[in-house]
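Below is one structure, written out as structure tokens; the observations come after it.
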Amino acid sequence: MLPAMPRKPRVTIIGPGRLGTAFIAALHNAGYKIDEVVTRPGTRSRNRAAKLSKRLQAKIVSAKNARFRAEVVWICVPDSAIRETARQLAAAASWKGKFVFHSSGALTSTELSELKKRGAAVASVHPMMSFVHRRAPSLAGVSFALEGDPAAVRAARAIVRDLSGITINITPAKKPLYHAFGAFASPLLITILAVAEKVGRAAGLSAAAARKAMLPIVAQTLRNYSGQSASAAFSGPIIRGDAETVRRNIISLQKLPEAQMAYIALARAALRFLPASNRRKLKQVLAEALTRSGAPRSGRAAKRGSPAPAR
């Protein structure tokens, strides 16, 4: 049985990149002692960590020199490095009675199996938040998906509560879907804005003018979604049933094939998930657009054996 964890345990952060640095600041502000920050020598993240260390009185060390005295060790390295990091750490200290987290949204706590074998309680603890250079977001109100050993999940839940976050439980089998959910909420949302910027430039705007023009409508759309449902926040030609406008939009994007396919895919999703008028005509317009584009059709027509469009 694991010993009782202190009310606010010491924490060691492995990997002070964008995510790790945000955790360091948030944990410190919540009254946690950052015991060590483990990084590779000569990296940008080490330079960022060095600046923080003066304020937090945390030691910046390499994995070779780390002592791992903290009750909680939080691994904040890229997904592809988590398993190998755990393997390398297994012989670096005694892990009995310690809690070890990683912060991958896609991978489960089994990535830490080498440390679990050594007596650690392990969990994946993923914040549903975007972390970019030079902007450390507040974690207040952020949802953290927890999965792993019961004791480690309990420990993580207490820490998230101190960060003013929200905890949600996720099963290992659902983690890939959970991560895809997060992809739609941020990186793919940015992708849509990047595509919109390209379309704006094709319409004659500069990149700066396109961003400036988009920001008010994007901000209002998010406010609408925040205060209501997706259906109530939906607007535009599809909800009006204006099939000819949709057709003209698609035709206008012929010289921007990625944007055209994105428009068609999102419009088809809108017909399935959001309110729309004149659905039959809209479906016809989109089906014709798919045929012209050469993209494979899906859904009932494809299942009935409809011929694939010529490529």
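Taken together, the values in this text are just the output of simple stated rules run on the coordinates, not laboratory data. Computed from a predicted model, the values in this text were never measured in an experiment. Here the Cβ positions follow ideal geometry from the backbone for every residue, glycine too, while neighbour counts run over all protein chains shown.
Pairs exceeding 22 Å between alpha-carbon atoms, taken from LYS33/LYS96; LYS8/LYS96; LYS98/LYS174; LYS33/LYS98; LYS64/LYS96: LYS98/LYS174. Between the helical axis of 207-227 and the longest alpha-carbon principal axis of the chain there is an angle of about 80 degrees.
Summed over qualifying helices (DSSP H, 4 residues or more, each -39500 (n - 2.57)) and divided by its residue number, the chain shows a 222 nm mean residue ellipticity of -15000 deg cm²/dmol. Can you pull out the trypsin sites (Lys or Arg not before Pro) in the stretch 157-255 whose DSSP state is coil and whose Cβ has at most 16 other Cβ atoms within 10 Å? Counting only loop positions with at most 16 other Cβ atoms within 10 Å, the trypsin sites (Lys or Arg not before Pro) in the stretch 157-255 are LYS255.
Restricting to Cα pairs below 8 Å that are 6+ residues apart, what does the relative contact order work out to for the chain? Please round to a whole percent.
Details: 446 pairs, mean separation 32.1, N = 311.
It rounds to 10 percent for the chain.
Computed 3J(HN,Hα) for the stretch 266-282, one whole-Hz value per residue from the Karplus formula 6.51 cos²θ - 1.76 cosθ + 1.60 where θ = phi - 60°, is 5, 5, 5, 5, 4, 5, 7, 10, 10, x, 8, 9, 6, 4, 4, 5, 4, glycine and proline marked x.
Within 10 Å of each candidate Cβ there may be at most 13 other Cβ atoms; applying that plus a DSSP loop requirement, which trypsin sites (Lys or Arg not before Pro) in the stretch 86-127 survive?
On the way: sites: ARG87, LYS96, LYS98, LYS116, LYS117, ARG118; in loops: LYS96, LYS98, ARG118.
Those satisfying the criteria are LYS96.
In whole Å, what three semi-axes, largest first, describe the equivalent ellipsoid of the chain built from its Cα gyration tensor (square root of 5 times each eigenvalue)? The partial results should precede the final answer.
Details: eigenvalues 425, 95, 67 Å².
After scaling each eigenvalue by five and taking roots: 46, 22, 18 Å.
Here is the tail figure for the stretch 185-303: Cα pairs spaced more than 22 Å apart come to 39 percent of all pairs.
DSSP beta bridges confined to the chain are antiparallel in about 20 percent of cases.
Taking every DSSP bridge with both residues inside the stretch 11-175, close to 20 percent are antiparallel.
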